[in-house]
Ligand SMILES: [Mn+2]
């Protein structure tokens, strides 16, 4: 595949968190050279307004709308030029713009510790990175997207690697919200040989697919440099076993990588590992 790397350094807290510096850190770790990728530059759109909009419940919603539009336009340009976009976040708030740039009718492979299915009312933070999957399936706050209706059919969404909360624990948390048509394979179903089996199963078919990798799908023991670490995640071997068949499926049209917090990686060792694994998975 002919990868083109596009930086989308959005941090949906609007407070300048280290996700903004992730693309620069991954570039410093030699990602483009290792991939033999073209350089698509950066989207000129950040969220620098930390105020939670009272109407939508979303932090910096005007900035988010502008960023969404800008990312979508660049992703469409890259696809039209025959490139495979590799979009570097930033946090998961880049997902709505990324998917808005795709032609309709794709599958979404969504790797994340969290479901990202809050809306402006239920999100404890107001960060759009809590709401990206609900926004793209038309369950989120209105007015973020330029289009009406879902960007992806919930039945074409595969959430992989999340850590469900046990409803029997009785910790007072609301039951998890998610569209019932969304397919869920929690992290416990992706360990050891199960990871490759799930990957091979998903890889069958011919529908174009987008791969979204929130790096907090990994266990905090192997990748602590994220803002919302969640125990019980995948190790690097599980991740590569799962993603390898997806990349080789011939169905992939592009990929987004989010939630690496470069401020938590002072010596660059985690950026190095991420770049190495991506190169191993994606380079021809
Ligand atoms: Mn996420």
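Could you order the peptides 120-131, 187-198 from most to least packed, using the average number of other C-beta atoms within 10 Å per residue?
Ranked by mean Cβ neighbours within 10 Å, highest first: 120-131, 187-198.
Calculated from DSSP H runs of 4 or more alone, at -39500 (n - 2.57) each and per residue, what is the 222 nm mean residue ellipticity of the chain, nearest 500?
-8500 deg cm²/dmol
For the chain, take the alpha-carbon Rg, divide it by the Kirkwood Rh, and send me Rg/Rh.
0.93
Which FRET efficiency value, to the nearest 0.05, is calculated for residue 191 and residue 269 with the Förster distance at 22 angstrom and r the Cβ-Cβ distance?
0.35
Work out the P(r) tail for segment 224-279: percent of alpha carbon pairs separated by more than 15 Å, whole number.
I get 59 percent for the Cα pairs in segment 224-279 exceeding 15 Å.
What shape does segment 134-284 take by its C-alpha gyration tensor, where a ≥ b ≥ c are the square roots of the eigenvalues and a/c under 1.5 counts as rounded, a/b above b/c as prolate, and the rest as oblate?
It is rounded, given that a/c, with a ≥ b ≥ c, falls under 1.5.
Taking the Cβ-Cβ separation of residue 200 and residue 104 as r and a Förster radius of 35 Å, what is the calculated FRET efficiency to the nearest 0.05?
Using R0 = 35 Å, I get an efficiency of 0.85.
Hey, can you rank 3-10, 66-73, 28-35 by average C-beta count inside 10 Å, highest first?
The peptides rank, most packed first, as 3-10, 66-73, 28-35.
Order 110-118, 93-101 from most to least packed using the mean count of other Cβ atoms within 10 Å.
Top of the packing list down: 93-101, 110-118.
Which ordering of 210, 236 is given by a fewest-first count of other beta-carbon atoms within 10 Å?
With the sparsest Cβ surroundings first, the list reads 236, 210.
Using DSSP, restrict attention to beta bridges with both residues in the chain and report what percent are antiparallel, rounded to the nearest 5.
Of all bridge pairs located within the chain, approximately 5 percent are antiparallel.
Once label points are set 7 Å from the Cα along Cα→Cβ at both residue 76 and residue 51, what is their separation, rounded to one decimal in nm?
3.1 nm
With an 8 Å cut-off on Cα pairs and a minimum separation of 6 or more residues, tell me the relative contact order of segment 28-173 in percent.
22 percent
In terms of the Cα gyration tensor, with a ≥ b ≥ c the square roots of its eigenvalues, is segment 1-89 rounded because a/c is under 1.5, prolate because a/b exceeds b/c, or oblate?
Taking the square roots of the gyration eigenvalues as a ≥ b ≥ c, segment 1-89 is oblate.
Could you give the nm distance between label points at residue 221 and residue 147, where each point is 7 Å from its Cα heading toward the beta carbon?
4.2 nm
The numbers here are math on the coordinates, done by the rules we state, and not lab data. Since we're looking at a predicted model, the values are computed, not measured. FYI the Cβ positions are ideal-geometry reconstructions off the backbone, even for glycines, and counts take in every protein chain you see.
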